[in-house]
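Right, one structure below, let's go through it.
The values are calculated or read from the model by the stated rules, or taken from the named source; none is laboratory data. Treat the numbers as computed from the prediction; the structure is a model and nothing was measured. Using ideal geometry, Cβ is built from the backbone for each residue, glycine included, and neighbour counts are taken over all protein chains shown. These accessible areas exclude ligands, DNA and RNA; they are computed on the full protein's heavy atoms, side chains included. Shrake-Rupley method; radii C 1.70, N 1.55, O 1.52, S 1.80 Å.
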Amino acid sequence: MEPDLWQLYKHMYRSRLFEQVVQAIWEQGLISGEMHIGFGEEAIAAGIVCQLKEGDAMALDHRGTPPLLMRGIEPTLLLREFLGRPDGLCGGMGGHMHLFSSEHLSASSGIVGSSGPAGAGFALAAQHLRPGTLAIAFFGEGATNQGMLLESMNLAVAWQLPLIFVCKDDQWSITTRSASVTGGQLVERAKGFGLHAVEVDGTDVEAVWRSAGEAMERARDGGGPTFLLAHCVHIEGHFLGFTLFRAGRDPIKEMVPLIGPLLRSATKWKGGSSQEKMRSLTDIATRARDALQEQTLKEKDPLVRARQKLISDRDRLEALETEVSREIQDVKEAALKD
Amino acid sequence: MRTMSFDEAIEEVLALAMADDPRIVIFGEDVQMYRLNLYTQFGERRIRETPISESAFLGAAITAAMAGLRPVVEVTLVDFLGVAMDALLNQASKLETFSSGKWKAPFVLRTTCGGGLGDGGQHQQSLWGWLSHIPGLTVVVPSTPGDAGGLMLSALKHDGPVIYMEHKLLSDFWVENLGYLGRKTVDFDLPLEGMRGAVLETWEPIPFGRAVSKRSGKDLTIISIGVGVHRSLEAAGILEEKGIDTCVIDLRTVSPLDTEAVCEAVSNTSRLLVVDEDYQGFGLSGELAAVVLEAGIDANYGRVCTEKTIPYSQELEAQTLPNKERIVENAVKLMDR
């Protein structure tokens, strides 16, 4: 089978437009707290979720909006949830990090790594109750150092669970470079557990679709779990209003107030050596610059990549985009209506 | 006297202590970018970033302390301690007893707690009652910059495990980095009196288990901790207009608990209202009732706590966390009984 790029792009574009509405209402202050947006992860979500079947389950992390939309959740319900309304998906009780739909066997958690055990349980139920179905566990590479996720990898192998561990790797654990706190290579690590492990460019939706398709076939046939490492970027950083991005985008506004205290710290005679102090200062400046540059590269935007392949049929592309835009506009109006 | 923010007070005490004691090391999630000034002054060896592996690095803090270091270990939110509870429940808390006092683990677990920033029920819990339930742990919850610095100084000098909890609403850093995030379009009910305030010219340690009276009154005693203290003081102002003279006590530490101050304050008014942002059942509010009963004090009792999982919706969140309206309403009821 070959992927249907038009269908995949439609899901990705719809997710992007929907989350742009979320971003706008967040900026208006209609969402009070954090908002972890899925910009940049759409190809991973689409390449996987579009192949799910009835009875398949999803264990989601704090960035569950794109997979849920693609799984068929009514977008108005999601938007109303983010607005904290009683007619939202979870009655306004959960918010964007705690989205649940029993109908879609989909559960989220804001605790890093917890989608591992959650996926294992869904997969166990699949094995007993719904042979041929499977579970997906979505998490970031930061979560791969969390004990419970590693434990569930072992469990999945020991029990030959129909589970796909999907690691969305953007190389940053909030402000920490993941490589600086991670030993070894993730694919090798997964293989060490006895997992079937595959690495894929998570900004290429067709590549994700193919890798995920093979893993799913394997899981449905009783071949056990797979670890899928998919590289991606987060175009808006860890969450909306992410400090490192703000520092990179507007260094004068964001960094100037920090300079006085930083210089005072750097000139204290007690503490680290002058080389250590200089290294810290350089690191602070470098991370603010690199995080923004690395994550916002146009060529790593999965939508830009997919669109390039479809642009030759401009009329069809524009018709698709117009249709999706209209839908999302209607969703926004419906959700904001009293 | 000087004036500074809650965050500045903690940072200043840590910087002074670290400058004098090379055994103090800080490690935890994102600490280099979250503690920029300390990172600059002390460098990457003493301000060390961790993977998201709480059970590993919290467990390691204990034995590092047993072997001579004085770690200050940071877990971003107290809610995340769930994945690392063995380190506290079965290791840190047991060492002193199991070794009949011969071996201790002097470390500080620095973490944030509390709600009011719209982050939902997995990122805004208080949990100080849950932690204090375990014998062998010291649990402190400062409510002002002065107390934040003084209690941190005591924590750094203490010879056992101290859980040092910072309410997010008191911290400019967390309010900005979990709430405003560069926006001017959101409003949070911030306890300004606790975010910035007077501190001593030279820091003095504040002993654990020593409550402080924030306001005297003869009709009613409110006992609280953390941001609840500020909500209680606001409520006391409203109660004054209703002719109810309210005393407000800030416990400052949950464990050890200043039972003497509790009993004395309740004896004076014969009415106790506990304002506790932690969960209502099986926690601090019930413990305070037990303390008063055991002392044979005859008093009317009421409580304003968080009764259930904190909802995401900002409106429901505000109703769920103790607020001044609920405090006033319950205080008036106590007067009528």
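Looking only at residues in the stretch A:171-202 that are in contact (Cβ under 8 Å) with a residue 60 or more places away in the chain and within 14 Å of chain B (Cβ to nearest Cβ), the one that is least open to solvent (accessible area, probe 1.4 Å) is A:T175.
Among B:M195, B:M165, which is the only one that is in contact (Cβ under 8 Å) with a residue 60 or more places away in the chain, within 26 Å of B:G59 (Cα to Cα) and of a type in the set (A, V, I, L, M, F, W, C)? Only one candidate qualifies: B:M165. For the stretch B:217-234, which positions are aliphatic (A, V, I, L, M) and either open to solvent by 10 Å² or more (accessible area, probe 1.4 Å) or at pLDDT below 95 (or both)? Once the filter is applied, which keeps residues that are aliphatic (A, V, I, L, M) and either open to solvent by 10 Å² or more (accessible area, probe 1.4 Å) or at pLDDT below 95 (or both), the stretch B:217-234 yields only B:L233.
Only a single criterion out of (1) open to solvent by 30 Å² or more (accessible area, probe 1.4 Å); (2) assigned to a helix (DSSP H, G or I) is not satisfied by B:A155, namely (1). Of the residues A:L83, A:L69, A:L77, A:L150, the single one that is closer than 29 Å to A:Q7 by Cβ, in contact with a helix residue (DSSP H, G or I) (Cβ under 9 Å, 6 or more places away or on another chain), in the same structural domain as A:Q23 (by TED's automatic domain parsing) and touching a residue at least 24 places away in the same chain (Cβ under 8 Å) is A:L69.
Residues that are open to solvent by 20 Å² or more (accessible area, probe 1.4 Å), of a type in the set (A, V, I, L, M, F, W, C) and in contact with a Phe, Trp or Tyr (Cβ under 9 Å, 6 or more places away or on another chain) within the stretch B:179-211 comprise just one, B:F188.
Of note, B:T246 satisfies the criterion of being open to solvent by less than 10 Å² (accessible area, probe 1.4 Å) and either out of contact with any helix residue (DSSP H, G or I) (no Cβ under 9 Å at 6 or more places or on another chain) or among the hydroxyl-bearing types (S, T, Y) (or both). Residues being closer than 24 Å to B:M165 by Cβ and either in contact with a Pro (Cβ under 7 Å, 6 or more places away or on another chain) or among the aromatic types (F, W, Y) (or both) are entirely absent from the stretch B:285-302. The residues of the stretch A:38-54 that are touching a Leu at 6+ places or on another chain (Cβ under 7 Å) and surrounded by fewer than 24 Cβ atoms within 10 Å (Cβ to Cβ) amount to a single one, A:C50.
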